[in-house]
Amino acid sequence: MVVECVAVIIVICMTAYFYFIAKKPNIAFSICPLSFVPVLYLIGTGLSGFFEKNFGFETIPTISFFVLIGAVSACSLFGYFSSKLRKKSSKMFYNIFCIGFTVIFAWVLIMKMI
């Protein structure tokens, strides 16, 4: 799943970059939390060997912990960014799709490890 996470990170960063070029920095910042789960998956994958060797933690729970931290922090930021939207329908659309993507992606990462 490392390759998939890197691909998702690249797509999200490119999308944010194009919004910055289009002079829409608010939209660019609001989509950046979508990359939290794959970034923390990669960090957890890299650090799991260290934690297993030095502290005796198992690999799968360590990576799952990092993924869940990424999902919770991303969902919190989605709530913050949605509060800046004016229309109720825009807030609901933004929250449903961003939080849905984050939760489903975190679930897929955790299920692939089991």
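Only one of 110, 104 is more than 11 Å from the chain's Cα centre (by Cα), over 18 Å from residue 26 (Cα atoms) and part of a helix (DSSP H, G or I); which?
110
Okay, residues lined up against (1) modelled with pLDDT under 95; (2) of a type in the set (Phe, Trp, Tyr):
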site	(1), (2)
10	no, no
14	no, no
17	no, yes
21	no, no
24	yes, no
33	no, no
39	no, no
43	no, no
49	yes, no
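Can residue 15 be described as crowded, with 18+ Cβ neighbours inside 10 Å and polar (S, T, N, Q)?
On the way: crowded, with 18+ Cβ neighbours inside 10 Å: no; polar (S, T, N, Q): yes.
Considered against the rule, which asks whether it is crowded, with 18+ Cβ neighbours inside 10 Å and polar (S, T, N, Q), residue 15 comes out as no.
Take residue 94 and decide whether it is in a helix (DSSP H, G or I) and in contact (Cβ under 8 Å) with a residue 60 or more places away in the chain.
Considered against the rule, which asks whether it is in a helix (DSSP H, G or I) and in contact (Cβ under 8 Å) with a residue 60 or more places away in the chain, residue 94 comes out as yes.
Only one of these is part of a helix (DSSP H, G or I), of a type in the set (S, T, N, Q) and under 20 Å from residue 97 (Cα atoms): 45, 15. Name it.
Among 45, 15, only 15 is part of a helix (DSSP H, G or I), of a type in the set (S, T, N, Q) and under 20 Å from residue 97 (Cα atoms).
Give me the pairs, please: first residue somewhere in region 60-86 and assigned to a helix (DSSP H, G or I), second residue anywhere and basic (Lys, Arg), beta-carbon distance under 8 Å, and either six or more positions apart or on two chains.
Close Cβ pairs (under 8 Å, with a partner that is basic (Lys, Arg)) amount to 82/91.
Looking at (1) under 19 Å from the mean Cα position of the chain (by Cα); (2) more than 23 Å from residue 94 (Cβ to Cβ); (3) hydrophobic (A, V, I, L, M, F, W, C), which is the one condition that is false for residue 57?
Residue 57 satisfies every listed condition except (1).
Among (1) in contact (Cβ under 8 Å) with a residue 24 or more places away in the chain; (2) in contact with a Phe, Trp or Tyr (Cβ under 7 Å, 6 or more places away or on another chain), which single condition is residue 35 missing?
Among (1) in contact (Cβ under 8 Å) with a residue 24 or more places away in the chain; (2) in contact with a Phe, Trp or Tyr (Cβ under 7 Å, 6 or more places away or on another chain), the lone unmet condition for residue 35 is (2).
Are any residues in region 8-33 of a type in the set (A, V, I, L, M, F, W, C) and closer than 18 Å to residue 74 by Cβ, and if so, which ones? Lay out the reasoning, then the answer.
Taking region 8-33 as the starting set, the residues that turn out to be of a type in the set (A, V, I, L, M, F, W, C) are 8-14, 16, 18, 20-22, 27-29, 31-32.
Selection gives 8, 9, 10, 11, 12, 13, 16, 27, 28, 29, 31, 32.
Which residues, counting only those in region 76-93, are surrounded by 10 or more Cβ atoms within 10 Å (Cβ to Cβ) and of a type in the set (D, E, K, R)?
Answer for region 76-93, where residues must be surrounded by 10 or more Cβ atoms within 10 Å (Cβ to Cβ) and of a type in the set (D, E, K, R): 84, 91.
Can you name the number of the only condition in (1) exposed (fewer than 13 other Cβ atoms within 10 Å of the Cβ); (2) more than 19 Å from residue 111 (Cβ to Cβ) that residue 3 fails?
The failed condition is (2).
Name the one entry in 50, 36 that is part of a helix (DSSP H, G or I) and surrounded by 13 or more Cβ atoms within 10 Å (Cβ to Cβ).
Going through 50, 36 in turn, the sole match is 36.
The values are calculated or read from the model by the stated rules, or taken from the named source; none is laboratory data. Fair warning: this is a prediction, and the values are worked out from it, not measured in the lab. When we count neighbours, we look across all protein chains shown, and the Cβ atoms used for this are built from the backbone with ideal geometry, even at glycine.
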